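Notes to accompany the following structure.
Values quoted throughout were computed directly from the atomic coordinates according to the rules given, and no laboratory measurement underlies them. As the structure is a prediction and not an experimental result, all values here were calculated from the model. All Cβ positions, even for glycine, are placed from backbone atoms using ideal geometry, and neighbour counts span all protein chains on display.
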Amino acid sequence: MTDRFDLSGKVALVTGASSGLGKRFATVLAASGAQVVLAARRAERLEELAASIAAEGGEALAVACDVTDRKSVAAAFEAAEARFGTVRLLVNNAGIAPGGAAIDMPEDAWRSVISTNLDAAFSVAQEAAQRMAKAGGGGAIVNLASILGFTVIKGVAPYAASKAAIVHLTRALALEWARYDIRVNAIAPGWIETEINADFLSGAAGDAIRKANPMRRFGEPADLDGALLLLSSEAGRYITGTTIAVDGGQSLSGS
Ligand SMILES: NC(=O)c1ccc[n+]([C@@H]2O[C@H](COP(=O)([O-])OP(=O)(O)OC[C@H]3O[C@@H](n4cnc5c(N)ncnc54)[C@H](OP(=O)(O)O)[C@@H]3O)[C@@H](O)[C@H]2O)c1
């Protein structure tokens, strides 16, 4: 059975691989046999990760990329193809989550979240799908939603809206791209401490969230390994259009 989760010979591209969940995703995919392209803006961090993957016997390429710039995205895929061949697995993970009350949120604050979390998620997925379709042979896309795409808290209106949109975009793209043998799914993590939320989770709000979790803890990046490998591999070959919540039950009661 474990062979069905093996990714040997597959080329993966992970956006937002310079920290947090993306770093973990890239490490896990490389350990499962994929050749991994690491994409984000902070190139030195990517180089460090590529070196640590290589030290473990894996293969990785660091590519500086701003997902909000389509030319930069296309260049990252070009670099990936030149080094390893067609990207067959995209982990569409880059995201931002600045907080702020909706009542007086400046338009550019709204736009920057939607631009990174939704517009760019679409254009990176489209870039990947166009190249997979052209090459033939299909592939898989794993988007990053959030439990804030199902439930809401105060102070993150554009983030929650962007993640709800990712859940539905995942369905829409899955429906259209099945004909190219491209599966499109999403993972909706619960609360996992990374740079995106460290300040928030270390305060009183974080304590309340942890206590409200049925498992009484935040998640860890490694808690997403199973969902990632299922959606990425042959083991998940009939799964498309779905979003898997990995949240210790946090979203069950709406808190
Ligand atoms: N942690 C959680 O609790 C949680 C829960 C639900 C969903 N998520 C989602 O999981 C994903 C990863 O979040 P994380 O927790 O790992 O946060 P993180 O540690 O802050 O990582 C975010 C990543 O996104 C990259 N990024 C942001 N803007 C970018 C841009 N314009 N171009 C390229 N890369 C960009 C950052 O890289 P650079 O700054 O180097 O570009 C960084 O690597 C996000 O989509 C987030 O919404 C996280």
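Between the range 102-144 and the range 160-225, the alpha-carbon centres lie 15 Å apart. Working from Cα pairs under 8 Å separated by at least six residues, relative contact order for the range 28-101 is 26 percent.
Between 0 and 90 degrees, the angle of helix 157-177 with respect to the longest Cα principal axis of the chain falls at about 30 degrees. In degrees between 0 and 90, to the nearest 10, how far off the longest principal axis of the chain does helix 120-135 point, with axes built from Cα atoms? Its long axis makes an angle of about 20 degrees.
Provide 110, 191 in ascending order of the number of other Cβ atoms located within 10 Å of each residue's Cβ, fewest first.
Working: 110 16, 191 22.
Ascending Cβ contact count within 10 Å gives the list 110, 191.
Inter-label distance, residue 179 to residue 47: 4.5 nm, where each label sits 7 Å from its Cα along the C-beta direction. Helix 70-83 and the longest principal axis of the Cα set of the chain meet at an angle near 40°. Seen from residue 241, the other residues with C-beta closer than 15 Å to its C-beta sum to a net charge of +2, counting Lys and Arg as +1 and Asp and Glu as -1.
Order these peptides, 142-149, 68-75, by their mean beta-carbon neighbour count within 10 angstrom, highest first. Spell out each step's value before the answer.
Values: 142-149: 25.2, 68-75: 15.0.
Top of the packing list down: 142-149, 68-75.
Rounded to the nearest whole angstrom, the semi-axes of the ellipsoid equivalent to the range 2-245, taken from the Cα gyration tensor as √(5λ), stand at 27, 19, 18, largest first. Listed by chain and number, the aspartates and glutamates placed with their C-alpha closer than 13 angstrom to that of residue 163 are 119; residues fewer than eight positions away on the same chain are left out. Bridgeable lysines around residue 134 (alpha carbons under 18 Å apart, same-chain partners fewer than 8 residues away excluded): 10. The Cα trace of the range 139-184 gives Rg and Dmax of 12.4, 40 Å, the first to one decimal, the second as a whole number. Packing here is the average count of other Cβ atoms within 10 Å per residue, and on that basis the peptides 169-178, 215-224, highest first, run 169-178, 215-224. When the chain is treated as a GNM with alpha-carbon contacts under 10 Å, the residue of 181, 66, 108 showing the greatest mean-square fluctuation is 108.
Partners of residue 23 within straight-line reach, counting aspartates and glutamates whose Cα lies under 18 Å from its Cα and excluding those fewer than 8 residues away in the same chain: 44, 47, 48, 56, 59, 66, 193, 195, 220, 223, 225.
Sorting 42-48, 184-190 by average packing, meaning the other beta carbons within 10 Å per residue, from highest down gives 184-190, 42-48. All other residues with a Cβ under 15 Å from the Cβ of residue 220 taken together, and with Lys, Arg as +1 and Asp, Glu as -1, what is their net charge? That works out to 0.
Quick check: net charge around residue 51, other residues with Cβ under 15 Å of its Cβ, Lys/Arg +1 and Asp/Glu -1?
Details: positive: 23, 42, 45; negative: 44, 47, 48, 56, 59.
My count for the surroundings of residue 51 gives -2.
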